[in-house]
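Below: the structure, in structure tokens.
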């Protein structure tokens with residue numbers, strides 16, 4: 001199979017996954033551009049492309065393209081958070097206060113994680129990658145990814161429950177997941 005036919009097959013097989021990945025990271029305004037640029041780079045580097053790990057490579061490329069937008073959004077989110085706190089102090093509440101509070105708590109808990117750990121959680125939980133694939137995207141070994149994911153889940157449980165680590169929370173079942 002020639003490069004063009006092989007690339008076309010890969011594009012059709014993975015475009016939707018890369019687009020969904022970008023949508024969750026940068027939103028609908030920028031996601032199509034991130035996906036298009038990802039495949040443009042894949043085409044340009046197709047002779048060096050790891051054909052046995054296509055999707056993880058595409059996710060790494062999309063992540064690298066999305067990071068400047070995510071950083072910019074984080075700076076803007078700080079202002080939104082400040083305004084939200086100010087509105088709450090002055091008694092202004094949203095009609096969907098509980099839903100907003102729950103979403104805010106989840107986003108805040110994710111934002112408490114390091115960038116690499118947050119990315120690992122999102123790759124496994126949102127993108128459906130297995131640990132080996134997610135480890136390849138974030139640049140670590142599978143055992144390191146497993147250890148980090150275990151610690152992150154434990155930390156998120158505490159952040160979302162707004163409770164300090166205690167003997168009772170340490171004995172929750174391993175299969176229980178907050179994500």
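The values are calculated or read from the model by the stated rules, or taken from the named source; none is laboratory data. Given the structure is predicted, the values throughout are model-derived calculations rather than measurements. Reconstructed Cβ throughout: ideal geometry from the backbone, glycine too, with neighbour counts over all protein chains shown.
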- Item | Tally, over segment 108-118, of residues that are surrounded by fewer than 20 Cβ atoms within 10 Å (Cβ to Cβ) and part of a helix (DSSP H, G or I) | 7
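One line per residue, one yes/no per condition, for (1) out of contact with any strand residue (DSSP E or B) (no Cβ under 7 Å at 6 or more places or on another chain); (2) in the same structural domain as residue 135 (by TED's automatic domain parsing); (3) modelled with pLDDT of 90 or more; (4) farther than 26 Å from residue 151 by Cβ:
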| residue | (1), (2), (3), (4) |
| --- | --- |
| 15 | yes, no, yes, yes |
| 54 | yes, no, yes, yes |
| 57 | yes, no, yes, yes |
| 66 | yes, no, yes, no |
| 75 | yes, no, no, yes |
| 102 | yes, yes, no, no |
| 107 | yes, yes, no, no |
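Suppose the filter is outside the structural domain of residue 128 (by TED's automatic domain parsing) and out of contact with any helix residue (DSSP H, G or I) (no Cβ under 6 Å at 6 or more places or on another chain); does residue 35 pass it? Break it down stepwise before answering.
On the way: outside the structural domain of residue 128 (by TED's automatic domain parsing): yes; out of contact with any helix residue (DSSP H, G or I) (no Cβ under 6 Å at 6 or more places or on another chain): no.
When the stated conditions are applied, residue 35 does not pass them.
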- Query: Which of the residues spanning segment 34-63 are part of a loop (DSSP other than H, G, I, E, B) and surrounded by fewer than 17 Cβ atoms within 10 Å (Cβ to Cβ)?
  - Reply: 45, 50, 51, 52, 53
